[in-house]
Amino acid sequence: MSVKSLNHIGIAVRSIDDQQAYYAETLGLEFEGREDVPSQKVCVAFFRAGDVRIELLEPTESDSPVAKFLDKRGEGLHHIAFTVDDIQARIDELKESGFRMIDEAPRPGSHQMQIAFLHPKSSFGVLTELCEPASVTTDDQ
Ligand code: CMX
């Protein structure tokens, strides 16, 4: 399989409000807005850095995967996400190659993308997300 590009880098935070000025003003990245992602029990905020986004992830519920991550490891880098075409075919290829998927079928993510995670124990300690934009003609490529 091959990925098309790096889509975003996810950072786990306790409070988007506390960090927004650092990314938008200190670093000067373009703030693109916030979005609730109920399927993942997070609120996300996106900042554009060239062709890549920084995604801040704040848990919205105590049983969110990001809440568990914050409790165990604290704030910081959480995952990397790659843009792919035909996400179900990419998931099937990875499974056939022996990789452990958290999601064996795509789930709805932010920006109307379909997403699926590899388990970090299978991807050498890096939680890795595949994402397929709703349309390859949008800015989400
Ligand atoms: N990066 C690297 N390793 C991670 C990790 C991460 N983000 N999150 C957990 N781990 C490691 C833990 O450190 C732990 O390792 P050890 O056993 O060596 O201590 C192991 O994975 C298991 O972790 P856990 O704390 O016991 O938690 P769970 O197994 O219950 O859940 C995971 C871990 C990755 C399966 C779960 O967090 C998950 O399903 N993640 C995918 C969904 C997600 O993260 N959604 C939020 C983002 C949504 C978005 O971008 O829209």
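Each value in this text was obtained by applying a stated rule to the coordinates, not by laboratory testing. Everything numeric in this text was worked out from a predicted model, so none of it was measured. Note that each Cβ is placed from the backbone with ideal geometry, even for glycine, and that neighbours are counted across all protein chains shown.
Counting Lys and Arg as +1 and Asp and Glu as -1, what is the net charge of the other residues whose Cβ lies under 11 Å from the Cβ of residue 41? Present the calculation step by step, with values, prior to reporting the outcome.
On the way: positive: 68; negative: 36, 58, 61, 63.
Once all neighbours under 11 Å are counted, the net charge is -3.
Relative contact order of the chain, please, whole-number percent, based on alpha carbon pairs below 8 angstrom and at least 6 residues apart.
Computed over the chain, the figure is 25 percent.
Checking the cross-link filter: which lysines have an alpha carbon closer than 20 Å to that of residue 68, excluding same-chain neighbours under 8 positions apart?
41, 121
In the neighborhood of residue 18, defined by Cβ-to-Cβ distances under 12 Å, what is the net charge if each Lys or Arg adds +1 and each Asp or Glu adds -1? Intermediate values should be presented prior to the final figure.
Working: positive: 14; negative: 17, 58, 75.
Overall, the nearby charge balance is -2.
Local charge sum around residue 29 (other residues, Cβ-Cβ under 13 Å, Lys/Arg +1, Asp/Glu -1)?
My count for the surroundings of residue 29 gives -3.
Using mean Cβ contacts within 10 Å as the protection proxy, how do 54-60, 27-33, 13-19, 75-81 order, highest first?
The packing order, highest mean first, is 54-60, 75-81, 13-19, 27-33.
For labels at residue 21 and residue 99 in the simple 7 Å Cα→Cβ model, what's the distance in nm?
4.0 nm
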